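What follows draws every value from the coordinates through simple rules; no lab data is involved. Nothing here was measured: the structure is a model prediction, and the numbers come from that model. So basically every Cβ, Gly included, is an ideal-geometry build from the backbone, and we count neighbours across all protein chains shown.
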Amino acid sequence: MTAATGVAPMVRAEQVHKWYGRFEVLKGIDLEVAPREVMCIVGPSGSGKSTFLRCINHLERIHGGRLWVDGELVGYRQRGDKLYEMRDKEVARQRLDIGMVFQRFNLFPHMTAIQNVMEAPVRAKGEAKEAVRDRAQALLDRVGLGDRGNSYPSQLSGGQQQRVAIARALCMQPKLMLFDEPTSALDPELVGEVLDVMRQLADSGMTMIVVTHEMGFAREVGDSLVFMDDGLIVEAGDPREVLTNPQHERTKAFLSKVL
Amino acid sequence: MSAAGPEAPARTQPPEPIKAIPVRHPGRWVTMAVIAVLAAMAVNSLVTNPNWQWSFQWENAFAPPVLRGVVTTLWLTAASMILGVALGVVLAVMRLSPNPILSGAAWFYVWVFRGTPVLVQLVIWGNLNSLYRQISLGVPFGPEWFTFETRDLIPPVAAALLGLALNEAAYMSEIIRAGILSVDEGQGEAASALGMSRMQTLRRIVLPQAMRVVVPPTGNETISMLKTTSLVAYVPYVELFFQTSAIGSRTFQPFPMLITASLWYLAMTSVLMVGQYYIERYYARGSVRTLPPTPIQKLKMRFGWGEPA
């Protein structure tokens, strides 16, 4: 958490709680992500890191605390000290600015790569098709798939699919990108191509929150690292610090298993 | 596997292709013989038994009333399927809605229309004017704004269409609901995360993928509908079956005319099956890497008429 003084945070979480029935997944998450920051969240499975990420674009509802993206409360409107649930439409509008990349890519299988990239800008934002097509093609070029625009997802490798998924999220011109274990479903030799694209994106100044098991990526690209366990942030700070010199026992135990 | 020596041995020449004696299938020859004999017996009896009345059937199969009946059957099938599918989509979406009133109403609709015989439903629609002389639009127990004679509002054609379509919608809604549920949850999530609305997600992302699961049973329903249209005789409304039966009773030859009707239904079913094949192919795009060739493409390839796909 870079305590960037004077800069309004892109994401701010205050005591975020969430339950699945009686099970408390998130037990009070506090964090801030500054604009242009790349934050990596690591931790054992079941620690709540993916759940927290999904709360940021309101795919999951939070049950306690507050969560802001770019100064706007996520999923709720506050008037006085009363909270009002947002309508689906308002939630959808909030999500226009937040890109998300999933572990299992979730490309639309009945659409070609370029149709996947163009779908949301045209339908959800109502942009002109021609303009979007140029932008989509440029993005496919950028992720190294300029010549695969007419391929269906099933004709692409996992790494290629994930790169299309990144291009799809970027085509919405988001302020913030969320990555939910983007390389976990990939064959080992395909991980690099996706990480390269993400590195490029980080260099271009995108604000990114990355839930990952790629410690190398966290160390080299991340500005900050958060270690979560059991629904809580156990340790946070500069990734090089945390990874080489963890302070907390649980962090040490986790890192000894994955490094 | 690298070789034992410091250098891998250079490949000199490819190994000889395997020449093996293929597995014999004597069972296939036996079954072929048995089936050929049975088929010959069947054909023989069809041709030689005069009771089939082929020439009588041939004379009447293309009589103008029968042809008109064929046309009616076809459009009635198409129209009630289109209405049934459209209403079925609405019902399926209602049923899956988080709104308990909507899903409850959809459940109730399916319960009633799927749970009662379509024959009864057709009779009720056809005879609604004996249940209600007039149909009025207004406030319940309050003033009425418009009043119609039921007979004018629901002529037999409308009764036939209503009966078939409303019944079909109940079945279609369950088929479509199954299709929607078959689509991976991640698809809806991805669309939501991109800021697409619930309706956009449904129309652009979920339904097109549901179609793969929906099309085969819908083909089934269409073929079933083709023959269910014969029940609209109870409305009463005139279509193929009505016409062939009329000829059958007028000429005291009801049985051959039943066969004539069946052959017409069989012919129409065959055409529908071809249509279904191509619709399934269309919705398979993206879910299989390369589409298998169509029968026509296969023929072309076998005889070298076109370039291989």
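Here are some notes:
- Dipole in debye (nearest 20) - the range A:1-132, about Cα centre, beta carbon charges: Lys, Arg +1; Asp, Glu -1: 360
- Rotationally averaged projected area of the range B:181-309 (alpha carbon convex hull; nm²): 13.1
- Each listed q (0.15, 0.30 Å⁻¹) maps to a log10 I(q)/I(0) for the range B:32-80 from the Debye sum over equal C-alpha point scatterers, namely -0.66, -1.01.
- Separation of the B:Thr251 and B:Ser103 label points, Cα + 7 Å toward Cβ, nm: 5.7
- Positive-end residue, chain A charge dipole about Cα centroid, Cβ charges, pick of A:Met10, A:Ala202, A:Gly21: A:Gly21
- Note on A:Asp203 and A:Glu220: the model spin-label points, each 7 Å out from Cα along the C-beta direction, lie 1.1 nm apart.
- The phi-based Karplus calculation (6.51 cos²θ - 1.76 cosθ + 1.60; θ = phi - 60°) puts the 3J(HN,Hα) values of the range B:248-253 at x, 7, 5, 9, 6, 10 Hz, whole numbers, x for Gly and Pro.
- q = 0.06, 0.07 Å⁻¹, the protein assembly as shown: log10 I(q)/I(0) [Debye, one scatterer per Cα]: -0.52, -0.67
- Efficiency of FRET between A:Ser154 and B:Ala86 - r from beta-carbon atoms, R0 25 angstrom, step 0.05: 0.25
- Residues in the range A:244-256 carry Karplus couplings, in order, of 8, 9, x, 8, 9, 4, 5, 4, 4, 4, 5, 5, 5 Hz; the curve used is 6.51 cos²θ - 1.76 cosθ + 1.60 with θ = phi - 60°, and Gly or Pro positions show x.
- Between A:Gln78 and A:Gln137, the contour length at 0.36 nm per residue exceeds the Cα-Cα span by 17.2 nm.
- Scattering curve values for the range B:110-251, log₁₀ I(q)/I(0), Debye with Cα scatterers, q = 0.13, 0.16, 0.18 Å⁻¹: -0.79, -0.94, -1.01
- For the residue pairs A:Lys49/A:Lys89; A:Lys18/A:Lys175; A:Lys18/A:Lys82; A:Lys18/A:Lys125; A:Lys175/A:Lys252; A:Lys27/A:Lys175, the alpha carbons lie more than 29 Å apart in A:Lys18/A:Lys125; A:Lys175/A:Lys252.
- For chain B, leaving out every one of the trypsin sites (Lys or Arg not before Pro) that falls in a DSSP loop and has at most 12 other Cβ atoms within 10 Å, the longest unbroken run is B:134-288.
- Distance from the Cα centroid of the range A:187-229 to that of the range A:36-99 is 21 Å (rounded to whole angstrom).
- Placing a label point 7 Å from the Cα of A:Arg240 along the Cα-to-Cβ direction, the residues of the range A:186-218 with a backbone N closer than 15 Å are A:216-218.
- With the convex hull of its Cα atoms as the shape, the range B:1-154 has an orientation-averaged projected area of 27.6 nm².
- Between the helical axis of B:207-228 and the longest alpha-carbon principal axis of chain B there is an angle of about 60 degrees.
- Dipole moment magnitude, nearest 20 debye, chain B about Cα centre, only Lys, Arg, Asp, Glu C-beta charged: 680
- Here the ratio of the Cα radius of gyration of the range A:141-215 to 2.2 N^0.38 Å is 1.05.
- Rough spin-label spacing in nm, given labels placed 7 Å along Cα→Cβ, for B:Ala42 and B:Leu119: 2.8
- Residue-by-residue Karplus 3J(HN,Hα) for the range B:179-194, coefficients 6.51, -1.76, 1.60, Hz, glycine and proline x: x, 4, 5, 6, 7, 4, 4, x, 5, x, 4, 4, 5, 4, 4, 7
- Projecting the Cα atoms of A:Ile166, A:Gly192, A:Ala131 onto the charge dipole of the range A:123-219 (Cβ charges, centred on the Cα centre) puts A:Ala131 farthest toward the positive pole.
- Calculated FRET efficiency, A:Leu259 to B:Val30, Cβ-Cβ distance, R0 = 51 Å: about 0.15 to the nearest 0.05.
- Neighbouring Cβ atoms from other chains, within 10 Å of the Cβ of residues in A:151-158, number 2 on average.
- Mean-square fluctuations from a GNM of chain B, with a 10 angstrom spring cutoff on Cα atoms, peak among B:Trp145, B:Trp75, B:Trp58 at B:Trp145.
- Distance between the range B:131-158 and the range B:78-129 - C-alpha centres, whole angstrom: 21
- Tilt relative to chain B, helix B:26-48 - C-alpha long axis, 0 to 90 degrees, to 10: 30
- Cut-off of 10 Å, at most 11 other beta carbons, DSSP loop: longest stretch of chain A lacking such trypsin sites (Lys or Arg not before Pro): A:88-259
- Measuring r between the beta carbons of B:Phe141 and B:Arg285 and using R0 = 45 Å, the FRET efficiency lands at 0.25.
- Per-residue ellipticity at 222 nm from helix content only, as computed over chain A with -39500 (n - 2.57) for each DSSP H run of at least four residues, stands at -10500 deg cm²/dmol.
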